[in-house]
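Engineer: Structure provided below as structure tokens; questions to follow.
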Amino acid sequence: MKAKNCLIFGGSGQIGRHLIRKLTKNNYRVTVVTRNIHQKAHIIKTQGNAGYIEIVEANIFDESKIRKLIQNTDICINLIGILYEKKGSSFKNIHTLFPSILSKLCKQYNLEHFIHLSALGINDIKDSKYAKSKLDGEKEILKNFPLSTILRPSVVYSVDDNFTTNFMTLLNRLPIFPLYYSGKTKFMPIHSSDLVEVIFNIIHKNIYSQIIECVGPETISLKEILNRLLKLIDKKRLLVPMPLLLGKLSAEIFQLFPNPLLTQDQLRLLKYDNIISKNYKTNSDIGYSAKCFFDIEVEKYCYMWREGGQFSRNRSIEEKNEN
Ligand SMILES: NC(=O)c1ccc[n+]([C@@H]2O[C@H](COP(=O)([O-])OP(=O)(O)OC[C@H]3O[C@@H](n4cnc5c(N)ncnc54)[C@H](OP(=O)(O)O)[C@@H]3O)[C@@H](O)[C@H]2O)c1
């Protein structure tokens with residue numbers, strides 16, 4: 001069978017890396033578009049066998065260049081997303097305008113699949129620019145190319161994430177950790193490999209379903225996630241509920257930094273539980289229930305944040321054995 005060509009935008013990120021590995025192992029050829037080949041080529045190239053990966057450096061709004069790439073493509077996957085705005089990268093440009101352009105081109109060149117990564121819970125979140133831009137992007141895509149598949153994941157984690165890894169770094173360094181909204185916000189974390197399994201099967205088995213909510217097997221509050229991470233890295237820290245006013249003030253200060261830990265928009269997002277809505281199909285409904293459990297997966301890489309690294313004593317296991 002002739003290998004199919006997949007064009008991936010945002011392939012150097014967390015989900016992209018897992019996806020490149022999965023696709024190339026299964027005889028798909030991938031072309032990955034990046035803004036900076038010098039910084040990202042080594043990350044992208046090392047995810048698959050030579051000959052299966054092509055890297056193209058491009059401005060994603062250079063329509064003539066993107067058009068040429070799409071002409072030779074069977075499947076297009078958009079993994080580009082941002083958590084905060086920067087000069088030249090607004091939520092509207094990245095989450096609405098770009099997916100709109102891309103979906104029009106996919107329709108024009110009659111692609112087999114256009115898969116777009118959106119985010120869970122965006123229907124209900126009215127006061128976040130991130131959520132609004134993602135929702136507007138979805139509407140544009142479904143208008144331009146109704147055969148598209150939109151995935152709405154809860155928080156995605158793996159050794160390559162900016163979620164568990166950043167939290168473990170912060171928990172290591174800070175003696176006290178602030179809990180926004182008392183840490184009550186609920187998540188259904190999905191491991192990157194489970195999400196990639198969903199994407200792969202949509203492509204491989206030609207599943208067409210407009211919006212799919214993608215979640216892991218557990219519902220965990222933010223406070224519980226932090227407590228589990230603390231246990232995994234064998235640290236004791238004080239988790240302190242932060243008054244909302246103080247939370248807003250800290251986000252106001254953080255967002256002055258080039259790579260902010262928290263922005264006002266993210267603080268507003270945290271107000272809402274990040275769980276399935278029951279209004280759309282889920283990954284389980286299309287036959288791909290997530291298999292990875294949070295503690296078991298994070299256990300595989302959390303030692304990097306433990307005193308003594310991989311040679312550290314895991315007190316919780318030792319205590320369990322003693323009992
Ligand atoms: N991770 C999660 O927990 C999560 C949860 C819900 C939804 N999602 C969505 O899933 C998608 C993939 O997530 P991810 O975690 O893999 O993302 P990621 O690790 O942050 O990577 C996204 C990629 O997008 C590209 N990118 C970032 N800013 C850009 C810009 N201004 N212009 C052009 N390209 C830009 C970057 O590629 P280059 O630097 O190579 O150009 C980057 O590697 C995103 O749409 C995200 O919103 C993720």
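Engineer: With each run of n ≥ 4 DSSP H residues scored as -39500 (n - 2.57), what mean residue ellipticity at 222 nm is computed for the chain after dividing by its residue count and rounding to the nearest 500 deg cm²/dmol?
Structural biologist: Calculated from helices alone, the mean residue ellipticity at 222 nm is -11000 deg cm²/dmol.
Engineer: Taking 0.36 nm per intervening residue step and subtracting the Cα-Cα distance, what contour gain separates residue 169 from residue 304 on full extension?
Structural biologist: 47.6 nm
Engineer: Once the Cα atoms of helix 192-204 and of the chain are each reduced to a long axis, what angle between those two axes, in degrees from 0 to 90 to the nearest 10, is obtained?
Structural biologist: Its long axis makes an angle of about 20 degrees.
Engineer: What are the semi-axes of the equivalent ellipsoid of region 94-197, taken as the square roots of 5 times the eigenvalues of the Cα gyration tensor, listed largest first and rounded to whole Å?
Structural biologist: 32, 16, 11
Engineer: Tally the DSSP beta bridges in region 171-323 and give the antiparallel ones as a percent, rounded to 5.
Structural biologist: Restricted to region 171-323, the bridges split so that about 20 percent are antiparallel.
Engineer: Compute the helix-to-body angle for 164-173: its Cα long axis versus the longest principal axis of the chain, expressed 0 to 90° and rounded to tens.
Structural biologist: Approximately 30 degrees, to the nearest 10.
Engineer: Relative to the longest principal axis of the chain, what angle (0 to 90°, nearest 10) does the C-alpha long axis of helix 222-232 take?
Structural biologist: With rounding to tens, the tilt is 70 degrees.
Engineer: Heavy atoms of the protein only, probe of 1.4 Å, neighbouring chains included. What is the accessible area of residue 312 in Å², nearest 10?
Structural biologist: 20 Å²
Engineer: Pick out which of 62, 265, 285 has the largest mean-square fluctuation in a Gaussian network model of the chain, springs linking Cα atoms closer than 10 Å.
Structural biologist: 62
Engineer: So, one more: Let me check against my output: what whole-number percent is the relative contact order of the chain, with C-alpha pairs under 8 Å and at least 6 apart?
Structural biologist: After rounding, I find 16 percent.
Engineer: Here's a follow-up. Of 104/134; 4/86; 25/291; 235/300; 205/278; 107/205, which pairs sit farther than 28 Å apart, going by alpha carbon to alpha carbon?
Structural biologist: In this structure, 4/86 lie more than 28 Å apart at Cα.
Engineer: Still on this structure, I have one more. Could you give log10 I(q)/I(0) at q = 0.10, 0.12 Å⁻¹ for the chain, computed by the Debye formula over C-alpha point scatterers of equal weight, without solvent?
Structural biologist: Ignoring solvent entirely, the Cα scatterers give -0.60, -0.87.
Engineer: How much of the accessible area of the chain, probe 1.4 Å, is carbon plus sulfur, in whole percent?
Structural biologist: Here carbon and sulfur together make up 53 percent of the probe-accessible area.
Engineer: Multiply the residue separation of residue 201 and residue 271 by 0.36 nm, subtract the distance between their alpha-carbon atoms, and state the gained length in nm to one decimal.
Structural biologist: Length gained between residue 201 and residue 271: 21.9 nm.
Engineer: Between beta-carbons, use under 14 Å as the cut-off and find the net charge around residue 161, counting Lys and Arg +1, Asp and Glu -1.
Structural biologist: Neighbourhood net charge equals -1.
The values are calculated or read from the model by the stated rules, or taken from the named source; none is laboratory data. Values in this document were obtained by computation on a predicted structure and should not be read as measured data. Neighbour counts run over all protein chains shown; Cβ positions are idealised from the backbone, glycine included. Ligands, DNA and RNA are stripped out before the accessible areas are found, and what is left, the full protein with its side chains, is counted by its heavy atoms. Shrake-Rupley method; radii C 1.70, N 1.55, O 1.52, S 1.80 Å.
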